[in-house]
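The values are calculated or read from the model by the stated rules, or taken from the named source; none is laboratory data. Model, not experiment: these values are computed from the prediction. Neighbour counts are summed over all protein chains in view; Cβ atoms, including those assigned to glycine, are modelled from backbone coordinates with ideal geometry. Areas reflect the complete protein model, heavy atoms only, side chains present, ligands, DNA and RNA absent. Shrake-Rupley method; radii C 1.70, N 1.55, O 1.52, S 1.80 Å.
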Amino acid sequence: MSRRFKLTDLAIFGADPAFPDYRYVGRPNTGSRDRLIQRINDILDRRWFTNNGPYVQELEQRLAALLNVKHCLMMANGTLALEIAYRALGLTGEVIMPSFTFIATAHALQWQGITPVFCDVAPGTHHIDPAQVEALITPRTTGIVGVHVWGQACNVDALAEIARRHNLRLVYDAAHAFMCSHHGRMIGGFGDAEVFSFHATKFFNTFEGGAVATNNDKLAQTIGYMRNFGFTGYDTVEYLGINGKMSEMSAAMGLTLLEEINSIIEVNRRNYIRYRDRLADLLGLKLVTYDDSEQRNYQYIIIEIDETLTGISRDDLVRVLHAENVLARRYFYPGCHQMEPYRSYFPHAGLLLPETNRLTGQVMSLPTGTAVSEDDIELICDLIALSIEHGAAIVEKLGEKSCSDHKPY
Ligand code: T4K
């Protein structure tokens, strides 16, 4: 692995890739193997594998304390957690949500016959625009879903006010925002409920997993029943339920990673600062910055590429990096409204989403986390700087090749 300083050092011009193996966005953090194996042995000895086992209960208590919420219900994954939260809150008809999010936020609604109504992001932010939310409310609207994109809170005050005035339920997709605060208060306690993802690619993972956090006792009880088929007693079913339970193996992973959570965040922060310092002077490249006065997980390194200034598009930059084995990702490309079934249901939705359309064409995510070294970041930044310096030559070389030509793993 060596620094890259001239155009012919780039793999698209025939050089060896900068990295011999892939650098990923979303490489899982692993934690102490000894502690995990110890817990797995406990699980095997106990022969209690799932259904509200002791590790799940312990994790729920620890997370509720960390997030300063009354209830944190562990789930099999974030998508099921969203579905159960939506259902337990009685959402029906239409629900307003941003299109600039991972597809699961929308699918969890549509899966239950609820229509996601796509809202634009507020200019200058990556978050749902409260002014447009208000304009999208109809007699069929029952709720709003805000997404704390990149771990930064969306406009919770404005959304709470709109929800109160129109008697709507308010849910937050907090999949990116575990261990993040807003005005000093931990994300998890806003709205009627907040939903986390603990998928392998999140900085805190339980292999697959998720949670619903809420301060509402009745809602927590309903969610608890719904994630276990609706059972309220040994032989009694009172709700339409599903299997949303977290397994003991997943909880063991969560408890193990929790022991190292601060050092993982510290690595993410160190990586963020290194990227921030190295990318600061590149014209046309804007890094999403984190306000250090809040608690942050720093798990996403997000840049926006303005091609009119850089001379190279976001997609061409992704192609250059992929050739170097740096698997940067386009997010949230192409936007929920451009994916099926929504693209067919609402073919003109994009007309109301100019900011979302701009962002989905400009935003990308760079590798970080404990699997990425400081030297890796130096080299990735060299490659980005070189690509911007020689934008025109790269664009000519790449021609019309599509960014989705390959998924290289
Ligand atoms: N809401 C939001 C805002 C979300 O971001 C998500 C999930 C959800 C809701 C739903 O929560 P879950 O139901 O997932 O708990 C990934 C994840 O699958 C997904 O969890 C995540 N968001 C989303 C942003 O990213 P893909 O399609 O990008 O995954 P994939 O397979 O391409 O993996 C990403 C990268 O991670 C790859 O470069 C390889 C690497 N990787 C992945 C896995 C699974 C590893 O190195 N090891 C692994 O085990 O969706």
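A few points about this structure:
Here is a yes/no grid of residues against (1) of a type in the set (Ser, Thr, Tyr); (2) outside any loop (DSSP other than H, G, I, E, B):
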{"position": "240", "(1), (2)": "no, no"}
{"position": "245", "(1), (2)": "no, no"}
{"position": "249", "(1), (2)": "no, yes"}
{"position": "256", "(1), (2)": "yes, yes"}
{"position": "263", "(1), (2)": "yes, yes"}
{"position": "267", "(1), (2)": "no, yes"}
{"position": "271", "(1), (2)": "no, yes"}
{"position": "276", "(1), (2)": "no, yes"}
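- Hey, residue 200 open to solvent by 10 Å² or more (accessible area, probe 1.4 Å), touching a strand residue (DSSP E or B) at 6+ places or on another chain (Cβ under 6 Å) and within 14 Å of the ligand (Cβ to nearest atom) or not: no
- Beta carbons closer than 6 Å, at least 6 apart along the sequence or on distinct chains, pair a first residue in the range 7-32 that is part of a loop (DSSP other than H, G, I, E, B) with a second that is open to solvent by 40 Å² or more (accessible area, probe 1.4 Å) and within 16 Å of the ligand (Cβ to nearest atom) for 25/329; 26/201; 27/371; 29/370.
- Here residue 161 fulfils each of the conditions (1) part of a loop (DSSP other than H, G, I, E, B); (2) open to solvent by 40 Å² or more (accessible area, probe 1.4 Å); (3) at negative phi apart from (1).
- Within the range 337-383, the residues that satisfy the criterion of being among the aliphatic types (A, V, I, L, M), out of contact with any Lys or Arg (no Cβ under 6 Å at 6 or more places or on another chain) and open to solvent by 10 Å² or more (accessible area, probe 1.4 Å) are 339, 349, 351, 352.
- Residues being away from the ligand (no atom under 12 Å from the Cβ) and surrounded by fewer than 20 Cβ atoms within 10 Å (Cβ to Cβ) - total across the range 203-218: 4
- Of everything in the range 296-344 that is outside any strand (DSSP E or B) and in contact with an Asp or Glu (Cβ under 8 Å, 6 or more places away or on another chain), the residue that is farthest from the ligand (Cβ to nearest atom) is 313.
- If the condition is being open to solvent by 20 Å² or more (accessible area, probe 1.4 Å), touching a strand residue (DSSP E or B) at 6+ places or on another chain (Cβ under 8 Å) and in a helix (DSSP H, G or I), then the range 118-158 contributes 132, 136.
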